[in-house]
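**Student:** Sharing a structure, written as structure tokens. Questions coming.
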Amino acid sequence: MTTATNSPLSVSIASVAHLLNGSHNDYDPLMDLVGEAHFVLLGEASHGTHEFYCERAEITRRLILEKGFTAVAVEADWPDAYRVNRYVRGVGDDASSERALAGFERFPTWMWRNADVLAFVDWLRAHNDALPPQATRVGFYGLDLYSMFTSMNEVLRYLDQVDPEAGKRARARYACFDHFQRDSQRYGYATSFGMSPSCEEQVLTQLHDLRSRSLEFRDQDDQLAADEFFYAEQNARLVKNAEKYYRTMFQGRISSWNMRDLHMADTLRALNGHLSKPGKPAKIVVWEHNSHIGDARATEIGYQGEWNVGQLARERYHDDAVLIGFTTYQGTVTAASDWDGPAEKKQVRPGLPGSYEEAFHRTGLPRFLLPLRVNGIETDVLPSNALLERAIGVIYAPATERQSHYFYAHLAHQFDAILHFDETRAVEPLERGTHWETGEAPETYPVGV
């Protein structure tokens, strides 16, 4: 471990940071920060870091066991995650957690088909199995909207079971998409540039048709029937929103980003409404990237007009939502070099000079929790001016590190607390190709590039 430098900022951070040493009490201050909040949003600075997944799981276990949280909502497609939900609640057809995770077939598969998620799903199933029969089982849900065609199939599957005639009508409406060969981007391109009429009217009609039958299909005395209707309704809503998203994605990044995060925030609100009971509101943990769960208003991206789930959660739930960011200085990460590329184990370059990551590294602390709010009041441990913050998604391009992965942010406005892990390692995919097994050779590069 390095020793702390004489950097005033790093000394200030170290003076209030809570060292994480692997004990059960590590996250006691975080539990105090959460208090009675009903929404806890846990981030990650990459989609492929073991420590982020592992520690989110540990925090989530404590929230479930100590504070009564009953749902985990993740940055994943609704139908794929719902297959896991059925498994952990003991109502699915899958015989193992690995089979339950098999629905995650879309790139990047390692985001949810990895060793850390597998272990958490195993724990969640064992926890639910040990509960008394009438106790509320903890669920696992997806918030994202990329599954347009899969969600159509799930709406049809549901209607074929409960009302075959309604299924025929839905099939005729969704036939509008048939000649796009299940390619969402192809649909978006063709409709955006006037090469094909949109299916907007059809998907909206289908959603309204399904919702008009809610009292008939949703039996409040049968929780499984109510859950299955909710699942189908959210799939139909996803199809409606995804259709608009793919038409918008060729019109500019900001509009499509906003549409996606609004969908995720609205799905969280719908899930909260479905799971809440009279006198017993739901408590939900959210797992998403920092770029989604940190308040966008505190970032240069927010200044450009983007909003995100974290901002919407604060606007809707105020102090009832707690936002926790994660950072790292260096190590390895599972990421691709190109979209749809294979999973690779890549070297993460040290944080750039002038970044939060560098400031955290210079404390000399290997792992720590940094509270940014105490009793709802923002602390003054971080500077008032914006610093660089790193974000690695499913693609990592170290050759263009500054342009591709850094943006300016006011971290103290963005999150309620930060968890920093100075050196981290790549998350382990369940399917390890040769690109991941061999990894990258350490590179030599000028400091500060």
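**Student:** Looking only at segment 200-223, which residues are modelled with pLDDT under 95 and open to solvent by less than 30 Å² (accessible area, probe 1.4 Å)?
**Tutor:** Matches in segment 200-223: 214, 217.
**Student:** Next question, about the same structure. Only one residue in 369, 382 is farther than 19 Å from residue 301 by Cβ, buried (at least 19 other Cβ atoms within 10 Å of the Cβ) and in contact (Cβ under 8 Å) with a residue 60 or more places away in the chain, so which one is that?
**Tutor:** 369
**Student:** Residue 269: open to solvent by 70 Å² or more (accessible area, probe 1.4 Å), basic (Lys, Arg) and not in a loop (DSSP other than H, G, I, E, B), yes or no?
**Tutor:** yes
**Student:** Go over the candidates 282, 242, 226 one by one and state the one that is in a loop (DSSP other than H, G, I, E, B) and open to solvent by less than 10 Å² (accessible area, probe 1.4 Å).
**Tutor:** Checking each option against the conditions leaves just 282.
**Student:** Something else about it: Grab the helices (runs of 4 or more DSSP H) fully contained in segment 125-223, keeping just those with 1 or more residues being within 30 Å of residue 69 (Cα to Cα) and of a type in the set (Val, Ile, Thr).
**Tutor:** Per the criteria, 148-162.
**Student:** Anything in segment 33-55 that is closer than 20 Å to residue 268 by Cα and within 11 Å of the chain's Cα centre (by Cα)? List them, or say none.
**Tutor:** Scanning segment 33-55 gives 41, 42, 43, 44.
For (1) open to solvent by less than 20 Å² (accessible area, probe 1.4 Å); (2) touching a helix residue (DSSP H, G or I) at 6+ places or on another chain (Cβ under 6 Å), each residue gets a yes or a no:
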site: 9; (1), (2): no, yes
site: 28; (1), (2): no, no
site: 33; (1), (2): no, no
site: 37; (1), (2): yes, yes
site: 44; (1), (2): yes, yes
site: 65; (1), (2): no, no
site: 77; (1), (2): yes, no
site: 92; (1), (2): no, yes
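**Student:** Let me ask another. Can you confirm whether segment 172-183 contains a residue that is without any contact (Cβ under 8 Å) to a residue 40 or more places away in the chain and acidic (Asp, Glu)?
**Tutor:** There is at least one residue in segment 172-183 that is without any contact (Cβ under 8 Å) to a residue 40 or more places away in the chain and acidic (Asp, Glu).
**Student:** Residue by residue through segment 245-266, note down the ones that are within 20 Å of residue 318 (Cα to Cα) and not in a helix (DSSP H, G or I).
**Tutor:** none
**Student:** What number of residues in segment 105-122 are of a type outside the set (D, E, K, R), open to solvent by 20 Å² or more (accessible area, probe 1.4 Å) and within 16 Å of residue 140 (Cα to Cα)?
**Tutor:** Result for segment 105-122: 2.
The values are calculated or read from the model by the stated rules, or taken from the named source; none is laboratory data. Fair warning: this is a prediction, and the values are worked out from it, not measured in the lab. Cβ sites come from the backbone with ideal geometry, for glycine too, and all protein chains shown count toward neighbours. Please note that ligands, DNA and RNA were not included when accessible areas were found on the heavy atoms of the full protein model with its side chains. Shrake-Rupley method; radii C 1.70, N 1.55, O 1.52, S 1.80 Å.
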